[in-house]
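Only one structure is covered here, and it is reproduced in the block below.
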Amino acid sequence: MKLKQVVTGQKLMAIANNITKKHTNLELSIQISLSGLSFSILNRDSNTILVFKVYNFEKNLNPIEVLDQLKQLFAKETVLQGQFANIVIIHDNDLSTLVPQELFNESHLADYLKFNSKILKSDFIAYDTIALNNSVNVYVPYININNYIYDKFGAFTFKHVSTILIDSILQLEKESNTNNMYVNVGDNHFEIVVVSNSNLQLYNRFSFHTKEDFIYYLLFTAEQLNLNPEHLNLVLLGAITKENDLYHIAYKYIRNITFGARKETYKYLGSQPSKYSNFTLLNSF
């Protein structure tokens, strides 16, 4: 199955020539999901995003097929064949749960997940700490991807996508005294993060197929938290625009809608993505 490329950096030949000279100031971030791959390369010295690319698969794959696609990506993309001072792998799936720090016990990782995720005895379970929320994010990474990256590069960092999403939003909401619902839209799923007075109230992830699915989960979440759609502040992130059907149906029920923005100071070599898109990938450095 071929990768469908949807976003591309520019001047790739010049970039590739620079990257393959084994600079030690380059950082690589790759986001992995069953529906696609994305990656970005940051030059830390110049604070510049050199390359930013997103690939969607034609359909959801299994982890073995995703690894095959990742291998093809490394073989195809010259910019990925250099040396990197730091590598971050972002695991994007629905196999995660938040645990309050005071209740967390590393010996019970499977117990935390089994109530809301289908896991196997053979699954490797990891966790990230979210300091701003005094919580621990327990999740199942794609271990075959981790093994491949380790064999290829050695030591690297990996996180769950929700860790980056929640932490980044809490950073944005540090001084807030309002209720805000953030919705981060993907190809066939979206995450909801609700923050009240700078405190996390809810994180959840939903799969959807239609715009009606989308608005149902939004309004259901608002109802469960006693949030009035007439006064709710909805902040959109990810793969959505004002021309999108998802935006139009949301606006029928929720009037206070804005688009979020990454808290970053990066320069971009080539085209720059919108401030609210690819929120987790570009907040991972």
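Seen from all directions on average, region 38-159 presents a Cα convex hull projection of 9.4 nm². Database remark: amide H of Asn283 closer than 5 angstrom to no amide H (H placed geometrically; neighbours at sequence offset of 5 or more, or on other chains; Pro and chain starts carry no H).
Residues whose amide H falls under 5 Å from that of Phe158, counting only those 5 or more places apart or on a different chain, are Ile89, with hydrogens built in the peptide plane. List the pairs from Lys59/Lys211; Lys53/Lys159; Lys159/Lys242; Lys174/Lys267; Lys59/Lys118; Lys159/Lys252 whose alpha-carbon separation is above 27 Å, in the order I gave them. Checking Cα-Cα distances, Lys159/Lys242; Lys159/Lys252 exceed 27 Å.
Heavy-atom accessible surface of region 148-285, averaged per residue, reaches 49 Å², computed with a 1.4 Å probe. Our coupling estimate for region 192-197, obtained by passing each phi through the Karplus curve with A = 6.51, B = -1.76, C = 1.60 and θ = phi - 60°, is 10, 10, 10, 10, 10, 6 Hz, Gly and Pro reported as x.
Can you tally the net charge around Ser198? Count Lys and Arg as +1, Asp and Glu as -1, for every other residue whose Cβ sits under 12 Å from the Cβ of Ser198.
Computed value for this residue: -1.
So if I take the centroid of the Cα atoms in region 157-197 and the same for region 207-264, what is the distance between those two points in Å? If you average the Cα positions of each part, the centres end up 13 Å apart.
In loop segments of region 197-285 as defined by DSSP, the GluC sites (Glu not before Pro) with at most 15 further C-beta atoms inside 10 Å of their C-beta are Glu230, Glu243, Glu264. Based on Cα contacts under 8 Å between residues 6+ apart, region 22-73 shows a relative contact order of 30 percent. Quantify, in whole percent, the carbon and sulfur part of the accessible surface of the chain (1.4 Å probe; protein heavy atoms only). Taking all protein chains in place, the chain shows 48 percent carbon and sulfur surface. Geometric descriptor of region 113-231, per residue, is 139 Å³ (volume of the convex hull of the Cα atoms). How large is the Kirkwood hydrodynamic radius of region 40-106, in angstrom, based on all distinct alpha carbon pairs? Evaluated on region 40-106, it is 15.4 Å.
Applying both filters, DSSP loop and at most 11 other Cβ atoms within 10 Å, to the trypsin sites (Lys or Arg not before Pro) of region 216-285 gives Lys242, Lys263.
List the equivalent ellipsoid semi-axes of region 222-285 in whole Å, largest first, each obtained as the square root of 5λ for an eigenvalue λ of the Cα gyration tensor.
Largest first, region 222-285 gives 27, 14, 9 Å.
According to the square roots a ≥ b ≥ c of the eigenvalues of the Cα gyration tensor, what is the shape class of region 126-165, taking rounded for a/c under 1.5, prolate for a/b larger than b/c otherwise, and oblate for the remainder? Verdict is prolate for region 126-165. Shown here: region 162-229, whose C-alpha atoms stretch 35, 27, 12 Å along the first, second and third principal axes, sorted largest to smallest. What the Kirkwood sum gives for the chain is a hydrodynamic radius of 19.9 Å, with every pair of different alpha carbons counted. Per residue of the chain, the DSSP helices (runs of n ≥ 4 H) give a summed -39500 (n - 2.57) that works out to -8000 deg cm²/dmol at 222 nm.
The values are calculated or read from the model by the stated rules, or taken from the named source; none is laboratory data. Everything numeric here is computed off the predicted structure, so don't read it as measured data. No Cβ is skipped: glycine too gets one built from the backbone with ideal geometry, and neighbour counts run over all protein chains shown. Note: accessible area is taken over every heavy atom of the protein model, side chains too, but ligands, DNA and RNA are not part of it. Shrake-Rupley method; radii C 1.70, N 1.55, O 1.52, S 1.80 Å.
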